[in-house]
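Reviewing the structure listed below.
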Amino acid sequence: MKYKTYDNTILVEGKKYKWSGYCDSGLYTSTKWSNMKCKITKINSNIVFIYDYDDNKEYTFTNEELCKNKVIFK
């Protein structure tokens, strides 16, 4: 299955990427990541499931959340 992101990147389920982004979580916390290894584990209509190898965690994002966090895939 394929997923088109806010910046017209086409993500393919099962494919590995490097991703970068920035999340402003609040007044005292923010997270920035750059060129982290990930894999698109599942695509479910408007939700993409991303497994981050470095964090050993799976994240879920909508297209709006990808845009808000300025996530880019390479």
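Every number in this text was worked out from the coordinates using simple rules, so none of it is lab data. On a predicted model such as this, the values are computed, not experimentally measured, just so you know. For neighbour counting, all protein chains shown are included, and Cβ atoms are generated from backbone atoms with ideal geometry for every residue, glycine included.
If R0 equals 35 Å, the separation of the Cβ atoms of Cys23 and Asn44 corresponds to a calculated FRET efficiency of about 0.95. Compared with the direct C-alpha span, the chain from Tyr6 to Trp33 gains 7.9 nm at full extension, assuming 0.36 nm per residue. Contact order, relative form, for segment 2-73: 31 percent (alpha carbon pairs under 8 Å, 6 or more residues apart, mean separation divided by residue count).
In the chain, the DSSP-assigned H stretches of four residues or longer account for a calculated mean residue ellipticity at 222 nm of -2000 deg cm²/dmol, using -39500 (n - 2.57) per stretch and the full residue count as denominator.
Only one of the values (i) 93; (ii) 80; (iii) 152 was calculated from this structure for volume of the Cα convex hull per residue in Å³; name its label. The listed entry that was calculated here is (ii). The Cβ shell under 12 Å around Thr41 holds other residues with a net charge of +2, Lys and Arg each +1, Asp and Glu each -1.
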